[in-house]
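Enquirer: Before I ask anything, let me first share the structure, which is written out below as C-alpha coordinates.
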Amino acid sequence: MIVPENIAKQLLSRYGLSVPAGKIAQTPDEAAAIAQELGDRGVVKAMIPIGGRGKAGGVKVCRSADQVRSAASGLLGQELLGHQVGSVLVEEPVPIARELYAGVVASTATDRIELILSLSGGVEIENTATQDQSSLLHLAIQPGDLLPVHRVRQWLRQSGVDLNALPDLADTLVKLYRAAADLDAILLEINPLVVSQDGRMFILDCKLEIDDNGLSRQPELAAVYMASLSERELRARQLGVSFVPLDGDIGVITSGAGLGMATLDLLKQSGLAPADFLDTGGGISEELVKGALELVMEPPEVRGAIINLYGGINRMLEAAKGIRAALQNITGDRPVVVKILGNQQEEAWAMLASEPNVHVIRVVQTETAVAKLAQLLN
Ligand code: GDP
Ligand code: MN
(Lines give C-alpha, C1' and ligand atoms only; values in the text may rest on other atoms or scores of the structure.)
(Ligands and ions follow the chains in the order given, each with its own letter.)
Protein backbone atom coordinates (compact mmCIF):
# COMPACT_ATOMS: atom_id res chain seq x y z
CA MET A 1 0.00 0.00 0.00
CA ILE A 2 1.10 3.51 -0.74
CA VAL A 3 0.42 5.49 2.43
CA PRO A 4 -1.18 8.88 1.73
CA GLU A 5 1.37 11.68 2.05
CA ASN A 6 -0.27 13.42 5.01
CA ILE A 7 -0.47 10.20 7.04
CA ALA A 8 3.10 9.26 6.13
CA LYS A 9 4.29 12.67 7.31
CA GLN A 10 2.41 12.30 10.62
CA LEU A 11 4.08 8.93 11.14
CA LEU A 12 7.53 10.36 10.36
CA SER A 13 7.06 13.25 12.77
CA ARG A 14 6.79 10.68 15.58
CA TYR A 15 10.37 9.72 14.85
CA GLY A 16 11.49 13.26 15.56
CA LEU A 17 11.64 14.30 11.91
CA SER A 18 10.42 17.79 11.01
CA VAL A 19 7.49 18.00 8.64
CA PRO A 20 5.70 21.20 7.59
CA ALA A 21 2.46 21.90 9.46
CA GLY A 22 -0.52 21.19 7.23
CA LYS A 23 -3.92 19.62 6.71
CA ILE A 24 -6.06 18.00 4.06
CA ALA A 25 -8.82 19.94 2.31
CA GLN A 26 -11.62 18.62 0.12
CA THR A 27 -13.02 22.00 -0.93
CA PRO A 28 -11.50 25.39 -1.86
CA ASP A 29 -13.07 26.95 1.26
CA GLU A 30 -11.54 24.32 3.53
CA ALA A 31 -8.20 25.02 1.85
CA ALA A 32 -8.55 28.74 2.47
CA ALA A 33 -9.44 28.13 6.13
CA ILE A 34 -6.29 26.05 6.61
CA ALA A 35 -4.26 28.81 4.91
CA GLN A 36 -5.69 31.30 7.43
CA GLU A 37 -4.50 29.07 10.30
CA LEU A 38 -1.06 28.98 8.68
CA GLY A 39 -0.85 32.79 8.69
CA ASP A 40 -2.59 33.70 5.41
CA ARG A 41 -0.37 31.60 3.15
CA GLY A 42 0.22 27.99 2.18
CA VAL A 43 1.51 25.50 -0.36
CA VAL A 44 -1.26 23.56 -2.11
CA LYS A 45 -0.28 20.00 -3.09
CA ALA A 46 -2.55 17.69 -5.07
CA MET A 47 -3.09 14.42 -3.18
CA ILE A 48 -2.29 11.77 -5.76
CA PRO A 49 -0.36 8.57 -5.09
CA ILE A 50 2.51 9.35 -7.48
CA GLY A 51 5.31 11.88 -7.82
CA GLY A 52 5.94 14.36 -10.58
CA ARG A 53 3.25 16.76 -9.35
CA GLY A 54 5.62 19.71 -9.24
CA LYS A 55 6.35 19.53 -12.96
CA ALA A 56 2.72 18.81 -13.80
CA GLY A 57 1.44 21.90 -11.96
CA GLY A 58 0.17 20.03 -8.90
CA VAL A 59 2.18 22.04 -6.35
CA LYS A 60 1.40 25.74 -5.91
CA VAL A 61 3.20 28.04 -3.50
CA CYS A 62 0.69 30.73 -2.47
CA ARG A 63 1.08 34.03 -0.66
CA SER A 64 -2.45 34.43 0.68
CA ALA A 65 -5.51 32.42 1.67
CA ASP A 66 -7.27 33.73 -1.44
CA GLN A 67 -4.50 32.41 -3.65
CA VAL A 68 -4.76 29.09 -1.81
CA ARG A 69 -8.52 29.01 -2.44
CA SER A 70 -8.10 29.54 -6.17
CA ALA A 71 -5.16 27.12 -6.43
CA ALA A 72 -7.26 24.47 -4.67
CA SER A 73 -10.25 25.13 -6.87
CA GLY A 74 -8.02 24.78 -9.94
CA LEU A 75 -6.80 21.36 -8.79
CA LEU A 76 -9.77 19.72 -7.04
CA GLY A 77 -11.78 17.47 -9.31
CA GLN A 78 -9.19 17.65 -12.07
CA GLU A 79 -7.21 14.75 -13.44
CA LEU A 80 -3.49 14.98 -12.84
CA LEU A 81 -1.01 12.38 -14.13
CA GLY A 82 -3.86 9.92 -14.62
CA HIS A 83 -5.30 10.37 -11.12
CA GLN A 84 -8.40 12.22 -10.02
CA VAL A 85 -7.55 14.91 -7.45
CA GLY A 86 -10.06 14.36 -4.62
CA SER A 87 -8.23 16.39 -1.99
CA VAL A 88 -5.29 18.73 -1.54
CA LEU A 89 -2.74 19.06 1.21
CA VAL A 90 -2.30 22.65 2.37
CA GLU A 91 1.03 23.12 4.10
CA GLU A 92 3.06 25.81 5.71
CA PRO A 93 5.56 27.05 3.06
CA VAL A 94 9.18 26.29 3.79
CA PRO A 95 11.77 28.78 2.50
CA ILE A 96 14.18 26.44 0.74
CA ALA A 97 17.94 26.87 0.86
CA ARG A 98 18.86 23.44 -0.44
CA GLU A 99 17.09 20.34 -1.82
CA LEU A 100 18.46 16.84 -1.20
CA TYR A 101 17.08 13.38 -1.94
CA ALA A 102 16.95 10.55 0.60
CA GLY A 103 15.56 7.06 0.10
CA VAL A 104 15.31 3.85 2.09
CA VAL A 105 14.63 0.87 -0.13
CA ALA A 106 14.13 -2.79 0.77
CA SER A 107 16.12 -4.27 -2.10
CA THR A 108 15.13 -7.78 -3.13
CA ALA A 109 18.09 -7.79 -5.53
CA THR A 110 20.65 -7.51 -2.74
CA ASP A 111 18.61 -8.62 0.32
CA ARG A 112 19.71 -5.42 2.01
CA ILE A 113 18.09 -2.24 3.13
CA GLU A 114 19.63 0.41 0.90
CA LEU A 115 20.01 3.94 2.10
CA ILE A 116 20.26 6.26 -0.89
CA LEU A 117 21.27 9.88 -0.79
CA SER A 118 21.73 12.56 -3.39
CA LEU A 119 22.95 16.05 -2.62
CA SER A 120 21.00 17.35 -5.60
CA GLY A 121 17.37 16.40 -4.93
CA GLY A 122 14.20 18.00 -6.24
CA VAL A 123 12.07 17.62 -9.31
CA GLU A 124 15.06 16.91 -11.58
CA ILE A 125 16.31 13.91 -9.55
CA GLU A 126 15.56 11.32 -12.25
CA ASN A 127 17.56 13.26 -14.84
CA THR A 128 20.44 13.99 -12.49
CA ALA A 129 20.62 10.39 -11.33
CA THR A 130 20.51 8.98 -14.87
CA GLN A 131 23.15 11.36 -16.17
CA ASP A 132 25.49 10.87 -13.26
CA GLN A 133 25.17 7.59 -11.35
CA SER A 134 27.94 8.68 -8.99
CA SER A 135 25.69 11.47 -7.69
CA LEU A 136 23.75 8.78 -5.82
CA LEU A 137 25.36 7.55 -2.62
CA HIS A 138 24.45 4.08 -1.34
CA LEU A 139 24.78 2.41 2.01
CA ALA A 140 23.72 -1.25 2.23
CA ILE A 141 22.40 -2.32 5.63
CA GLN A 142 21.73 -5.85 6.81
CA PRO A 143 17.98 -6.04 7.63
CA GLY A 144 17.48 -5.91 11.38
CA ASP A 145 20.77 -4.09 12.02
CA LEU A 146 20.63 -1.13 14.31
CA LEU A 147 22.11 1.72 12.40
CA PRO A 148 24.25 3.74 14.79
CA VAL A 149 24.56 7.38 13.85
CA HIS A 150 28.37 7.22 13.90
CA ARG A 151 28.28 4.63 11.13
CA VAL A 152 26.20 6.95 8.96
CA ARG A 153 28.51 9.86 9.74
CA GLN A 154 31.53 7.80 8.77
CA TRP A 155 29.86 6.73 5.50
CA LEU A 156 28.94 10.33 4.68
CA ARG A 157 32.42 11.58 5.46
CA GLN A 158 34.03 8.85 3.33
CA SER A 159 31.62 9.76 0.52
CA GLY A 160 32.88 13.32 0.60
CA VAL A 161 29.79 14.96 2.14
CA ASP A 162 30.53 18.17 4.00
CA LEU A 163 28.97 17.46 7.40
CA ASN A 164 29.62 20.97 8.67
CA ALA A 165 27.27 22.28 6.01
CA LEU A 166 24.69 19.55 6.78
CA PRO A 167 24.90 19.05 10.55
CA ASP A 168 21.50 17.29 10.90
CA LEU A 169 21.90 14.97 7.94
CA ALA A 170 23.24 11.83 9.64
CA ASP A 171 20.67 12.04 12.41
CA THR A 172 17.85 12.54 9.87
CA LEU A 173 18.96 9.52 7.83
CA VAL A 174 19.05 7.32 10.94
CA LYS A 175 15.52 8.40 11.85
CA LEU A 176 14.33 7.66 8.33
CA TYR A 177 15.93 4.22 8.46
CA ARG A 178 14.31 3.44 11.85
CA ALA A 179 10.91 4.63 10.61
CA ALA A 180 11.19 2.54 7.44
CA ALA A 181 12.19 -0.55 9.43
CA ASP A 182 9.43 -0.13 12.04
CA LEU A 183 6.74 0.49 9.44
CA ASP A 184 7.70 -2.46 7.19
CA ALA A 185 8.43 -0.04 4.36
CA ILE A 186 9.34 -1.35 0.93
CA LEU A 187 10.17 2.21 -0.04
CA LEU A 188 10.50 5.46 1.85
CA GLU A 189 11.49 8.29 -0.42
CA ILE A 190 12.00 11.89 0.63
CA ASN A 191 12.29 14.18 -2.36
CA PRO A 192 13.04 16.84 -1.57
CA LEU A 193 14.62 16.59 1.82
CA VAL A 194 15.23 20.28 2.34
CA VAL A 195 17.42 22.55 4.37
CA SER A 196 15.41 25.66 5.13
CA GLN A 197 16.88 29.14 4.99
CA ASP A 198 17.16 29.10 8.78
CA GLY A 199 19.16 25.87 8.61
CA ARG A 200 16.52 23.29 9.64
CA MET A 201 16.02 19.99 7.85
CA PHE A 202 12.46 19.27 6.63
CA ILE A 203 10.65 16.33 5.08
CA LEU A 204 9.00 18.36 2.34
CA ASP A 205 7.64 15.48 0.28
CA CYS A 206 7.37 11.85 1.19
CA LYS A 207 6.47 8.65 -0.56
CA LEU A 208 5.93 5.69 1.75
CA GLU A 209 5.06 2.28 0.41
CA ILE A 210 4.63 -0.46 2.93
CA ASP A 211 4.60 -4.23 2.63
CA ASP A 212 0.96 -5.31 2.95
CA ASN A 213 2.17 -8.60 4.45
CA GLY A 214 3.24 -6.61 7.51
CA LEU A 215 -0.20 -5.09 8.10
CA SER A 216 -1.04 -7.64 10.81
CA ARG A 217 1.55 -5.96 13.04
CA GLN A 218 0.68 -2.40 11.96
CA PRO A 219 -2.86 -1.91 13.30
CA GLU A 220 -2.88 1.79 12.51
CA LEU A 221 -1.82 1.27 8.90
CA ALA A 222 -4.17 -1.70 8.57
CA ALA A 223 -7.03 0.67 9.37
CA VAL A 224 -5.80 3.11 6.71
CA TYR A 225 -5.60 0.22 4.27
CA MET A 226 -9.13 -1.02 5.01
CA ALA A 227 -10.49 2.52 4.68
CA SER A 228 -8.83 2.82 1.27
CA LEU A 229 -10.63 -0.23 -0.14
CA SER A 230 -13.75 0.05 -2.29
CA GLU A 231 -16.92 -1.81 -1.37
CA ARG A 232 -16.11 -4.49 -3.99
CA GLU A 233 -12.54 -4.89 -2.76
CA LEU A 234 -13.87 -5.40 0.78
CA ARG A 235 -16.28 -8.05 -0.45
CA ALA A 236 -13.42 -9.80 -2.25
CA ARG A 237 -11.47 -9.86 1.00
CA GLN A 238 -14.42 -11.38 2.83
CA LEU A 239 -14.65 -14.05 0.12
CA GLY A 240 -10.93 -14.72 0.55
CA VAL A 241 -9.96 -14.03 -3.07
CA SER A 242 -7.30 -11.73 -4.53
CA PHE A 243 -9.08 -9.06 -6.54
CA VAL A 244 -7.73 -6.12 -8.49
CA PRO A 245 -10.24 -4.02 -10.44
CA LEU A 246 -8.98 -3.01 -13.90
CA ASP A 247 -10.47 -0.67 -16.46
CA GLY A 248 -11.70 -3.05 -19.17
CA ASP A 249 -15.05 -4.77 -19.70
CA ILE A 250 -14.32 -8.52 -19.53
CA GLY A 251 -14.76 -10.28 -16.21
CA VAL A 252 -11.94 -12.66 -15.29
CA ILE A 253 -11.85 -15.43 -12.69
CA THR A 254 -8.87 -17.75 -12.47
CA SER A 255 -7.37 -20.14 -9.96
CA GLY A 256 -3.76 -19.20 -9.42
CA ALA A 257 -1.94 -15.96 -10.09
CA GLY A 258 0.14 -17.37 -12.95
CA LEU A 259 -2.91 -18.67 -14.77
CA GLY A 260 -4.52 -15.30 -14.13
CA MET A 261 -1.65 -13.33 -15.65
CA ALA A 262 -1.55 -15.61 -18.68
CA THR A 263 -5.31 -15.21 -19.13
CA LEU A 264 -5.03 -11.42 -18.98
CA ASP A 265 -2.25 -11.48 -21.57
CA LEU A 266 -4.24 -13.70 -23.94
CA LEU A 267 -7.33 -11.52 -23.59
CA LYS A 268 -5.28 -8.43 -24.42
CA GLN A 269 -3.71 -10.17 -27.41
CA SER A 270 -7.12 -10.94 -28.81
CA GLY A 271 -8.26 -7.35 -28.37
CA LEU A 272 -10.33 -7.85 -25.20
CA ALA A 273 -9.84 -5.66 -22.15
CA PRO A 274 -9.98 -7.31 -18.68
CA ALA A 275 -12.24 -5.66 -16.12
CA ASP A 276 -10.41 -7.27 -13.21
CA PHE A 277 -7.90 -9.78 -11.98
CA LEU A 278 -9.50 -12.28 -9.62
CA ASP A 279 -7.60 -15.24 -8.26
CA THR A 280 -9.69 -17.74 -6.28
CA GLY A 281 -6.67 -19.21 -4.52
CA GLY A 282 -6.73 -22.84 -3.47
CA GLY A 283 -9.98 -23.63 -1.65
CA ILE A 284 -12.56 -23.55 -4.43
CA SER A 285 -16.10 -23.94 -3.04
CA GLU A 286 -19.60 -23.27 -4.34
CA GLU A 287 -19.93 -20.19 -2.13
CA LEU A 288 -16.60 -18.76 -3.22
CA VAL A 289 -17.22 -19.18 -6.94
CA LYS A 290 -20.77 -17.83 -6.63
CA GLY A 291 -19.53 -14.74 -4.78
CA ALA A 292 -16.65 -14.25 -7.20
CA LEU A 293 -18.83 -14.41 -10.32
CA GLU A 294 -21.41 -12.03 -8.80
CA LEU A 295 -18.60 -9.62 -7.93
CA VAL A 296 -17.05 -9.75 -11.38
CA MET A 297 -20.33 -9.43 -13.32
CA GLU A 298 -21.73 -6.67 -11.11
CA PRO A 299 -20.67 -3.64 -13.18
CA PRO A 300 -23.14 -3.30 -16.05
CA GLU A 301 -20.31 -2.40 -18.44
CA VAL A 302 -18.89 -5.92 -18.12
CA ARG A 303 -19.86 -7.55 -21.43
CA GLY A 304 -18.89 -11.10 -20.66
CA ALA A 305 -16.60 -13.22 -18.52
CA ILE A 306 -14.04 -15.96 -18.62
CA ILE A 307 -13.70 -18.47 -15.82
CA ASN A 308 -10.43 -20.34 -16.02
CA LEU A 309 -10.01 -22.84 -13.19
CA TYR A 310 -7.38 -25.46 -12.75
CA GLY A 311 -8.80 -27.24 -9.77
CA GLY A 312 -6.46 -30.16 -9.12
CA ILE A 313 -7.99 -32.03 -6.19
CA ASN A 314 -10.64 -29.35 -5.62
CA ARG A 315 -14.08 -30.59 -6.63
CA MET A 316 -15.02 -28.76 -9.79
CA LEU A 317 -18.65 -29.78 -9.40
CA GLU A 318 -18.77 -27.32 -6.51
CA ALA A 319 -17.43 -24.60 -8.81
CA ALA A 320 -20.09 -25.44 -11.39
CA LYS A 321 -22.81 -25.18 -8.71
CA GLY A 322 -21.42 -21.78 -7.77
CA ILE A 323 -21.51 -20.59 -11.37
CA ARG A 324 -25.09 -21.81 -11.79
CA ALA A 325 -26.21 -20.16 -8.56
CA ALA A 326 -24.55 -16.85 -9.43
CA LEU A 327 -26.08 -16.73 -12.90
CA GLN A 328 -29.56 -16.86 -11.35
CA ASN A 329 -28.89 -13.42 -9.89
CA ILE A 330 -27.06 -11.93 -12.84
CA THR A 331 -28.95 -9.89 -15.36
CA GLY A 332 -28.27 -9.38 -19.05
CA ASP A 333 -27.50 -11.75 -21.87
CA ARG A 334 -23.80 -11.83 -21.24
CA PRO A 335 -21.67 -14.80 -22.31
CA VAL A 336 -19.60 -16.65 -19.72
CA VAL A 337 -16.90 -18.90 -21.10
CA VAL A 338 -15.98 -21.59 -18.61
CA LYS A 339 -12.83 -23.65 -18.79
CA ILE A 340 -12.60 -25.85 -15.72
CA LEU A 341 -10.29 -28.77 -15.25
CA GLY A 342 -9.67 -30.99 -12.26
CA ASN A 343 -11.44 -33.41 -9.96
CA GLN A 344 -15.04 -34.04 -11.19
CA GLN A 345 -14.55 -32.00 -14.34
CA GLU A 346 -16.95 -34.13 -16.40
CA GLU A 347 -19.71 -33.71 -13.81
CA ALA A 348 -19.08 -29.96 -13.85
CA TRP A 349 -19.24 -29.76 -17.65
CA ALA A 350 -22.48 -31.77 -17.67
CA MET A 351 -24.09 -29.49 -15.09
CA LEU A 352 -23.21 -26.35 -17.05
CA ALA A 353 -24.02 -27.72 -20.51
CA SER A 354 -27.66 -26.63 -20.31
CA GLU A 355 -27.03 -23.22 -18.72
CA PRO A 356 -28.02 -20.37 -21.00
CA ASN A 357 -25.11 -17.98 -21.70
CA VAL A 358 -22.53 -20.49 -20.47
CA HIS A 359 -20.04 -21.89 -22.98
CA VAL A 360 -18.01 -24.81 -21.71
CA ILE A 361 -14.51 -25.35 -23.09
CA ARG A 362 -13.28 -28.90 -22.60
CA VAL A 363 -9.63 -28.52 -23.61
CA VAL A 364 -6.55 -27.44 -21.69
CA GLN A 365 -5.62 -24.44 -23.84
CA THR A 366 -6.71 -21.05 -22.50
CA GLU A 367 -6.29 -19.74 -26.07
CA THR A 368 -9.36 -21.76 -27.09
CA ALA A 369 -11.46 -20.23 -24.32
CA VAL A 370 -10.32 -16.71 -25.12
CA ALA A 371 -10.99 -17.20 -28.84
CA LYS A 372 -14.50 -18.45 -28.04
CA LEU A 373 -15.24 -15.38 -25.93
CA ALA A 374 -13.85 -13.04 -28.60
CA GLN A 375 -16.03 -14.72 -31.23
CA LEU A 376 -19.15 -14.47 -29.04
CA LEU A 377 -18.58 -10.77 -28.41
CA ASN A 378 -17.83 -9.72 -31.96
P1 GDP B 1 6.40 16.04 -6.59
O2 GDP B 1 6.81 16.83 -7.78
O3 GDP B 1 5.17 15.25 -6.82
O4 GDP B 1 7.50 15.20 -6.06
O5 GDP B 1 5.97 17.12 -5.47
P6 GDP B 1 6.79 17.79 -4.26
O7 GDP B 1 5.91 17.82 -3.09
O8 GDP B 1 8.12 17.16 -4.11
O9 GDP B 1 6.98 19.29 -4.76
C10 GDP B 1 7.68 19.60 -5.93
C11 GDP B 1 8.56 20.81 -5.74
O12 GDP B 1 7.79 21.91 -5.30
C13 GDP B 1 9.64 20.62 -4.69
O14 GDP B 1 10.78 19.99 -5.20
C15 GDP B 1 9.92 22.07 -4.29
O16 GDP B 1 10.87 22.62 -5.15
C17 GDP B 1 8.58 22.76 -4.50
N18 GDP B 1 7.95 22.95 -3.18
C19 GDP B 1 7.19 22.08 -2.50
N20 GDP B 1 6.86 22.56 -1.29
C21 GDP B 1 7.45 23.78 -1.19
C22 GDP B 1 7.52 24.79 -0.17
O23 GDP B 1 6.97 24.64 0.93
N24 GDP B 1 8.22 25.90 -0.46
C25 GDP B 1 8.85 26.10 -1.64
N26 GDP B 1 9.52 27.22 -1.83
N27 GDP B 1 8.83 25.18 -2.61
C28 GDP B 1 8.14 24.04 -2.41
MN1 MN C 1 8.69 15.12 -4.55
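The values are calculated or read from the model by the stated rules, or taken from the named source; none is laboratory data. Not measured: the values here are computed from a predicted model. Methodologically, a virtual Cβ is constructed for each residue, glycine included, from the backbone with ideal geometry; neighbour enumeration extends over all protein chains shown. Each accessible area value is taken on the protein alone, full model and side chains, heavy atoms only, with ligands, DNA and RNA left out. Shrake-Rupley method; radii C 1.70, N 1.55, O 1.52, S 1.80 Å.
Enquirer: Using only the Cα atoms, what convex hull volume per residue in Å³ does the chain have?
Expert: Per residue, the Cα convex hull of the chain comes to 167 Å³.
Enquirer: If you take the square roots of the eigenvalues of the alpha-carbon gyration tensor of the range 95-213 and sort them as a ≥ b ≥ c, do you get rounded (a/c under 1.5), prolate (a/b over b/c) or oblate?
Expert: It comes out rounded by the Cα gyration axes.
Enquirer: Next question. So what is the calculated 222 nm ellipticity per residue for the chain, using -39500 (n - 2.57) for each DSSP H run with n of 4 or more, over all residues, to the nearest 500 deg cm²/dmol?
Expert: -11000 deg cm²/dmol
Enquirer: Share of the chain's accessible area from carbon and sulfur, percent, 1.4 Å?
Expert: That share works out to 50 percent.
Enquirer: A further question on this structure: Label Q375 and L246 with points 7 Å out from Cα along Cα→Cβ: what is the distance between them in nm?
Expert: Calculated label separation equals 2.3 nm.
Enquirer: For a label point 7 Å from the Cα of D333 along Cα→C-beta, name the residues of the range 347-362 whose backbone N is under 11 Å from it.
Expert: Correct set: 357.
Enquirer: While we're on this one: Quick one: Karplus J couplings for the range 91-106, per residue in order, coefficients 6.51, -1.76, 1.60, θ = phi - 60°, nearest Hz, x for Gly and Pro?
Expert: 10, 4, x, 10, x, 8, 9, 7, 10, 10, 10, 9, x, 10, 10, 7
Enquirer: Just subtract the alpha-carbon distance of Q154 and M261 from 0.36 nm times their residue separation and send over the number in nm, one decimal.
Expert: 33.9 nm
Enquirer: What full-extension length gain, to one decimal in nm, is calculated for E220 and R14 as 0.36 nm per residue of separation minus the Cα-Cα distance?
Expert: 72.8 nm
Enquirer: Which entries of K290/K372; K23/K60; K45/K207; K290/K339; K23/K55; K9/K175 show an alpha-carbon separation above 18 angstrom in the structure shown?
Expert: Distance filter (> 18 Å) returns K290/K372; K23/K55.
Enquirer: So, one more: Compute the accessible area per residue over the range 96-221, keeping the other protein chains in place, probe 1.4 Å, unit Å².
Expert: 50 Å²
Enquirer: Here is a further query. What is the range 238-377 by shape, rounded, prolate or oblate, if you read a ≥ b ≥ c off the alpha carbon gyration tensor as root eigenvalues and call it rounded for a/c under 1.5, prolate for a/b larger than b/c, and oblate otherwise?
Expert: The shape class here is rounded.
Enquirer: How much accessible area per residue does the range 238-377 have, in Å², with a 1.4 Å probe?
Expert: The answer is 44 Å² per residue.
Enquirer: Would you mind calculating the gained length between R178 and L146 on full extension (0.36 nm times residue separation, minus the Cα-Cα distance), in nm to one decimal?
Expert: Difference between extended and current length: 10.7 nm.
Enquirer: Once both axes come from the Cα atoms, what is the angle between helix 149-158 and the longest principal axis of the chain, in degrees from 0 to 90, rounded to 10?
Expert: With both axes taken from Cα atoms, the answer is about 80 degrees.
Enquirer: Looking only at M351, M47, M226, which one moves most when the chain is put into a Gaussian network model with springs between Cα atoms under 10 Å?
Expert: M351
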